[in-house]
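What follows draws every value from the coordinates through simple rules; no lab data is involved. The structure displayed is predicted, hence computed values, not measured ones. Here Cβ is always computed from backbone atoms with ideal geometry, including for glycine, and neighbour counts include all displayed protein chains.
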Amino acid sequence: MKNTALTHIHESLGAKMLPFAGYNMPILYEGVNAEHDTVRNSVGVFDVSHMGEFLLTGSNALSLIQKVTSNDASTLTIGRAQYSCLPNNDGGIVDDLLVYKMKDEQYLLVVNASNIDKDWDWISAHNNLGVDMKNLSDDYSLLAIQGPKAVEAMQALTTVNLSAIPYYHFKVGDFAGFPHVIISATGYTGSGGFEIYCKNEEVETIWNKVFEAGAAYGIKPVGLAARDTLRLEMGFCLYGNDINDTTSPIEAGLGWITKFTKEFTNSENLKKQKEAGVSRKLVGFEMQERAVPRHDYEIVDAAGTAIGIVTSGTMSPTMNKGIGMGYVTKEHSTIGSDIFIRIRKNDVPAKVVKLPFYNK
């Protein structure tokens, strides 16, 4: 099991550590609800250094990215990032990822920790274009500084105007005394803030300076458990739960990152699927009674007939009600549809709702 460069700090803070994607990661510190509230109302810091980073360079770097990803990376300009996915040949998803345009002919791909090797092999297998690929995953750390006070709390650490970085844009600049740090506004929580990509040997100093600068703003460390409740309130997909090798981007509601203005892996079949319609869809739902839906719980109709499966679920700390996402048959996917979640042989009523669950 791998450690991040900050594992010893998490342990010294008393974090509950558990294996996650092959890494020893902090799951929680003081408790999920308290950490969730910290990010919603002030500022919290996640160590997400387990994520993977690939650097693609060369005159054909864009062509390779266009070939393996579903979104249209040709629209990117330097300083912009894009959410995308890697379709497989069977209608499913190898992984979802972020694509950053660092320079002309240079792109940074940020992939999920559990899929680093799989993604590297997949992209490499399609690289017959001579693109220089570097796997930087073991050399770089990633901090997510999230919350409505993140910009104000961190501004003293950089000459970059943090409030001027729009969503899904980034700057490379000084931060906490180090040059050439990537400061990216691509959060996964819905509460604002940004991410810091830095070298492993820099991250402990940066962590300490971040907490010094944020002390007056109530800054706290936050674990992966609250990261999951925060992203679920926003209706953001989690690979391995809501999307995987067997779920298509069309079924998952990711048609907006699936651009048929170009050819990419399995694009012809996905285009046919979009035109013909899908038999199941990923939806958000709220429980109508006090109950907590969980991953893999069965979804049924009023007659008790199976119509789907829960992919993610929790008791929302912000709304104090059970919320979840899951795949259901097309006829049960419209907003307002009544569905039932089978919890220990009881069919508990729920209603399909528009995402996100949480609105500022």
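Worth a mention:
- On the basis of the beta-carbon distance and an R0 of 22 Å, residue 59 and residue 256 show a calculated FRET efficiency of 0.15.
- Stretchable slack from residue 104 to residue 335, in nm (0.36 nm times residue separation minus alpha-carbon distance): 78.9 nm
- Rounded, prolate or oblate (a/c below 1.5 giving rounded, otherwise prolate when a/b exceeds b/c) for the stretch 201-313 by Cα gyration tensor: oblate
- Within straight-line cross-link reach of residue 16, lysines at Cα separation under 18 Å, skipping those fewer than 8 residues along the same chain: 2, 220
- Helical content alone sets the calculated 222 nm signal of the chain at -6000 deg cm²/dmol, taking -39,500 (n - 2.57) per DSSP H segment of four or more residues and averaging over every residue.
- 21 Å Cα-Cα reach of residue 101 towards lysines, excluding residues that sit fewer than 8 places from it in its own chain: 67, 134, 171, 199, 259, 262
- Segment residue 152-residue 216, extension gain: residue separation times 0.36 nm, minus the distance between their alpha carbons: 22.0 nm
- Residues of the stretch 277-298 with amide N under 14 Å of the 7 Å Cα→Cβ point at residue 321: 284-293
- Cα-based reach from residue 321 at 22 Å (exclusive), listing lysines while leaving out same-chain residues under 8 positions away: 345, 351, 354, 360
- Distance (nanometres) between label positions extended 7 Å along Cα→Cβ at residue 163 and residue 78: 2.7
- Rounded FRET efficiency, nearest 0.05, which uses the C-beta distance separating residue 117 from residue 288 and R0 of 35 Å: 0.25
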